[in-house]
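Each reported figure results from applying straightforward, stated rules to the coordinates on display, with no laboratory input. In this text, all values refer to a predicted model and were calculated from it rather than measured experimentally. Ideal geometry is used to build each Cβ from the backbone, glycine not excepted, and the neighbour counts take in all protein chains shown.
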Amino acid sequence: MRIQAAVLRDPAKPFAVEDVDLHDPGPGEALVRVVAAGMCHTDVVLRVLPRLAMPMIFGHEGSGVVEAVGPGVSRVRPGDHVVMSFDSCGWCAQCQTGAPAYCAEFMARNLSGSRVDGTSGATDLTGAPVAARWFAQSSFATHAVATERNLVVVDPSLPLDLLGPLGCGFQTGAGAMLNSLSVRPGDGVAVFGAGAVGLAAVMAAKVAGAADIVAMDLHPARRDLAAELGATRVLDGADPELAAAIGQVDHSFDTTGVTSVMTTAVRVLRTGGTCGLVGAGGGELTLRPDILAGRNVRYILEGDAVPQQFIPRLIELWRQGRFPFERLIRTYPLDDVNAAERDSAEGVTVKPVLLP
Ligand SMILES: NC(=O)c1ccc[n+]([C@@H]2O[C@H](COP(=O)([O-])OP(=O)(O)OC[C@H]3O[C@@H](n4cnc5c(N)ncnc54)[C@H](O)[C@@H]3O)[C@@H](O)[C@H]2O)c1
Ligand SMILES: [Zn+2]
Ligand SMILES: [Zn+2]
């Protein structure tokens, strides 16, 4: 079908909203009318990691309404309200043990931009392929073809235009605290970077009962927001004495992607503590081995979430007023996709959400 989508043809150029022909949903797939799509930093990190298939439709925090399903789909039906999250195969050892974020096919299914069989999912008006399978959705568009496995059905009474970012950024930050690091009441947590992922982590650390929640950012407005959302201390990420100011914590979490910040995040851990990393694009991480004495470091994908279980939990916390993620969101028409990217980079908007 003919759709409109924000297409990126060159990492050095802006997005352009174009007419594109989206392929019909195949086996195990569903056509979703996109109501909203959050912009995650991973949608723009290609500007510094230009190894991805081009042209590509980005967007991997979509929410919308199922319009049609392909052969063999039984868990979703037309009319269902859905959040689109990351895709996984369902059959590899990681999927079978409840860790779909580490699916053996994670890269192929989410980051290649194509289906696993290599097809692009869409063509432009000249008939040339356009990668339309970014995180099995490519939701910076009026419509997306997702898979049955990356759809999370939600209550139709919920505000669908707010829910898309639960599919990646908010799930990643909250899941890091509640799933990966298992923050407990009384713990100390340091969160580096108070963007969408970091602020979701701050809110979740508060939900978990952490006593000391230290949030760092370069933007004063983001530090203020972190304090409002649950940080007990906020510090300037540029402070040369940052590690001393933080002191020691049980858990640290880097969302900046800056390797020197990651080193600080490891240094502030108490013995036995764990540092979680999620940031992409920062280059090689160098650590003196003895810094790791009794400490752990792990790279976390998607907050170790099983989306169909974790997103409903986050929605329940939101209903209770304990995970007020709507405070991070600012909406933009799809045509303003480049303004959304600029506002995110300049720290003006924490979580841009496009309304196609
Ligand atoms: N691993 C995963 O599954 C996963 C999922 C989602 C996002 N990500 C990645 O997580 C990272 C964060 O995503 P986001 O959407 O929150 O991005 P964001 O740009 O909204 O947030 C990053 C924040 O870090 C701050 N920052 C930068 N340098 C800093 C420094 N030296 N000290 C303190 N703060 C600093 C920025 O000001 C910004 O507020 C990105 O790299 C993104 O690609 C990973
Ligand atoms: Zn798998
Ligand atoms: Zn993301």
Determine the sum of side-chain charges near Leu160: Lys and Arg each +1, Asp and Glu each -1, restricted to other residues whose C-beta is under 13 angstrom from that of Leu160.
-4
About the Cα centre, and with charges only on the beta carbon of Lys, Arg (+1) and Asp, Glu (-1), how big is the dipole of the stretch 172-303? Nearest 20 debye, please.
260 debye
Students often get this wrong: which residues of the stretch 21-54 have the backbone nitrogen under 15 Å from the point 7 angstrom along Cα-to-C-beta of Asp161?
34-38
Three-way shape call for the stretch 280-356 based on the alpha-carbon gyration tensor, with the a/c threshold at 1.5
oblate
Count the net charge of all other residues whose Cβ sits under 13 Å from the Cβ of Pro71, scoring Lys and Arg as +1 and Asp and Glu as -1.
-3
For 242-251, 39-48, ranked highest to lowest by mean beta-carbon neighbours within 10 Å, the order is 39-48, 242-251
Taking 8 Å as the Cα distance limit and 6 or more residues as the minimum spacing, I'd like the relative contact order of the stretch 172-303 as a percentage.
25 percent
Compute the FRET efficiency between Ala53 and Ala238 as 1/(1 + (r/R0)^6), taking r as their Cβ-Cβ distance and R0 = 45 Å, and round to the nearest 0.05.
0.80
Sum of -39500 (n - 2.57) over DSSP H runs of 4+, divided by residues of the chain (222 nm, nearest 500):
-5500 deg cm²/dmol
Check: the stretch 38-179 dipole with +1 on Lys, Arg Cβ and -1 on Asp, Glu Cβ, in debye:
300 debye
Between the stretch 212-267 and the stretch 3-21, what is the separation of their alpha carbon centroids in Å?
36 Å
Kindly rank 1-8, 292-299 from highest to lowest mean number of other beta carbons found within 10 Å of each residue.
1-8, 292-299
Which listed residue (Met262, Cys89, Val183) has the Cα farthest towards the positive end of the charge dipole for the chain, taking +1 on Lys and Arg C-beta and -1 on Asp and Glu C-beta about the Cα centre?
Val183
Could you sort the peptides 184-192, 148-156, 166-174 by per-residue average Cβ neighbour count (10 Å cutoff), highest mean leading?
166-174, 184-192, 148-156
Of all DSSP beta bridges with both partners in the chain, the antiparallel percent, nearest 5, is 55 percent
Relative to the Cα centre, what is the charge dipole magnitude of the chain, using +1 at the beta carbon of each Lys and Arg, -1 at the beta carbon of each Asp and Glu, and rounding to the nearest 20 debye?
640 debye
Count charges around Pro11 for me, please; just the other residues with Cβ under 13 Å from its Cβ, Lys/Arg as +1, Asp/Glu as -1.
+1
